[in-house]
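Only one structure is covered here, and it is reproduced in the block below.
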Amino acid sequence: MRKSLITLGLLAATSAPVMAADYSNGDIHENDYKWMQFNLMGAFNEKPGNSDHDYLEIEFGGRSGIFDLYGYVDVFNLTSSSSSDKADSEAKMFMKLAPRMSIDGLTGTDLSFGPVQELYVAAEINWDGVATTDETFGVNQQKIGLGSDVMVPWLGKIGLNLYANYDSNYKDWNGYQISTNWFKPVYFFENGSFISYQGYIDLQFGMETGKGYAAEKTGLGWYNGIYWHTDRYAVGYGLKVYDTVYGLEDGGFAGETSGIGHYVAVTYKF
């Protein structure tokens, strides 16, 4: 069975009681779904580096049995413009994969409690293909931890994950990350389209600063998007709050790492 991203958002945001995952009938694939969309993006004052540039984001996700997946691949400077902030950058793309494996499904046990609907072994992979040196910063981090789906007032179902962070550039475990994401329809039009509030928070904390690459103990990325959706298209604006993102010093070799970034998006849904 295939469900659109809109359907998933509506299900997550419904005010009706939401049941925990049920694997008791032996059919672990009865709630499978998948989705994919292309987002043509414009970024303004993006951190680190205070960069303005265009990019194509291929975004996807779904569920197959006990496995849950979210991910995207960003391809920068589509027109190969020499005036783009990414024209001379070593980073031509960025990738995030966030797979989760249901502990409920793996054990055949309902582990829900209170607002927590399901528990997962959660992972996250971030990669831009750039090696970190004294003059460049590359994102090559892997994370592993405990994930969950949680029902919260007004927003509905959110993902909430806690990871330990491993930096592959330095072959070193350093700090932790708590991540959450949401999709909340807030206004419906008569033709079935709607306005949503959607976004995520990635908060890194507990990083040791004496290892030569993390200058700050914390790093924050907080995206707040307002989007108009139809079954096939979406148009949106996002405001992202940065605070020493990735633990990089604000005004250091990576440039500005704290402040506000702006994003515009035009989406086609497959």
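Quick check on the chain: helices-only [θ] at 222 nm, where DSSP H runs of length 4 and up contribute -39,500 (n - 2.57) each and the sum goes over total residues. Nearest 500, please. Intermediate values should be presented prior to the final figure.
Numbers: 2 runs with 14 residues, N = 270.
The helix contribution divided over the chain gives -1500 deg cm²/dmol.
Tell me the net charge near residue 65. Cut-off is 11 Å between Cβ atoms, residue 65 excluded, with +1 for each Lys or Arg and -1 for each Asp or Glu.
That sum, taken over residues with Cβ under 11 Å, equals -3.
Which residues' amide hydrogens lie under 5 Å from the amide hydrogen of residue 28, considering only partners 5 or more residues apart or on another chain, with H built in the peptide plane?
Close amide H contacts, sequence-distant or interchain: none at all.
Output ³J(HN,Hα) for segment 108-121: one whole-Hz value per residue in order, computed from phi by the Karplus curve 6.51 cos²θ - 1.76 cosθ + 1.60 with θ = phi - 60°, and x for Gly and Pro.
Along segment 108-121, the couplings run x, 10, 7, 9, 5, 7, x, x, 7, 8, 7, 10, 9, 7 Hz.
Scan around residue 33 for amide H atoms under 5 Å from its own, H built in the peptide plane at 1.01 Å from N, and keep only partners 5 or more places away or cross-chain.
Result for residue 33 returns 63.
May I ask you to evaluate 6.51 cos²θ - 1.76 cosθ + 1.60, the Karplus curve with θ = phi - 60°, for each residue of segment 66-80 and list the ³J(HN,Hα) values in order in whole Hz, giving x for glycine and proline?
8, 9, 10, 9, 10, x, 7, 10, 9, 10, 8, 6, 4, 8, 6
Would you be so kind as to identify which of 235, 122, 254 lies farthest towards the positive end of the dipole of segment 5-269, taking Lys and Arg as +1 and Asp and Glu as -1 on Cβ and the Cα centre as origin?
Towards the positive end, the residue furthest out is 235.
Whole-Hz Karplus ³J(HN,Hα) for segment 173-184, in order, using 6.51 cos²θ - 1.76 cosθ + 1.60 and θ = phi - 60°, x for Gly and Pro?
Working through the residues one at a time gives 7, 7, x, 9, 9, 10, 10, 9, 8, 8, 8, 10 Hz.
Counting only C-alpha contacts under 8 Å and six or more residues apart, can you give the relative contact order of the chain as a whole percent? Mind showing how you got there, number by number?
Numbers: 721 pairs, mean separation 43.9, N = 270.
In percent, rounded to a whole number, it is 16.
We did not get these values from a lab; they are worked out from the coordinates using the rules stated. Owing to the predicted nature of the structure, the values given are computational and were not obtained by experimental measurement. A quick note on method: Cβ atoms are made from the backbone with ideal geometry, for glycine too, and the neighbour counts reach across all protein chains shown.
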